[in-house]
1. Per residue of region 94-99, what does 6.51 cos²θ - 1.76 cosθ + 1.60 with θ = phi - 60° give for ³J(HN,Hα)? Whole Hz please, x for Gly and Pro, Karplus curve as stated.
2. Amide H to amide H under 5 Å from Asp92: which residues, 5+ apart in sequence or cross-chain, H placed 1.01 Å off N in plane?
3. Could you point to the residue in Leu146, Ala117, Ala130 farthest towards the positive end of region 114-157's charge dipole, with +1 and -1 charges on the Cβ of Lys/Arg and Asp/Glu respectively?
Amino acid sequence: MLLSRADRFGDLQLQGLPFDLDHSAYDRMCAAADVLPSAGTPDVQPAWESYTHEDALPRPAAGVQLLVLSATVSVVDTGQDWLELSLQVAFDTPSLLEVAAAVEVACWCTNDHNMHAVERREWLVGSGPALARSFDAAIHKITRWLATGPSEPDPWRDRAGLPSPSDRKAAHCPRSRDRPSDP
């Protein structure tokens, strides 16, 4: 797997898509991605990553998707608690991609799941124009969450019926580890 990281979507290497992405579709994706940094506060910037996989990779296990592209907007990150907005493009089948936008919070369950996607939207695509439209829709959903959603993790957890850090502290169960860092 080849990993590419960039501060701007247009600086990523997009390779290995199951269909052609013409200049028009790519330009639409770049324009949508350029909206994301201006939607939040100046210190809220997306972190972009793209992944190129070997053609001969075995099929992933059930429930596991191979990522093609991701962006994460970290709204709150204290090291032990966080609120992130994510955009992911992943293989659904060898010829289809899933575009997903999600609100993710740190997990405070007794069984540590690391994080929970408390709200998520998905689009299934099989062409370059469909990818561009869905990517644009995902960016718009993320910008709406930035503009109108709570800017702290606990209200999102409350909406999803998840335990909060104070629930865990009240049970006298200190958090055993910090958030894992990226490789």
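Rule-based calculations on the coordinates, nothing more; no lab input. Note that the structure is a prediction, hence the values are computed from the model and not measured. Every residue, glycine as well, gets a Cβ built from its backbone with ideal geometry; the counts of neighbours run over all protein chains shown.
1. Per-residue couplings from phi come out as x, 10, 10, 10, 10, 9 Hz.
2. Leu97, Glu98
3. In region 114-157, that residue is Ala130.
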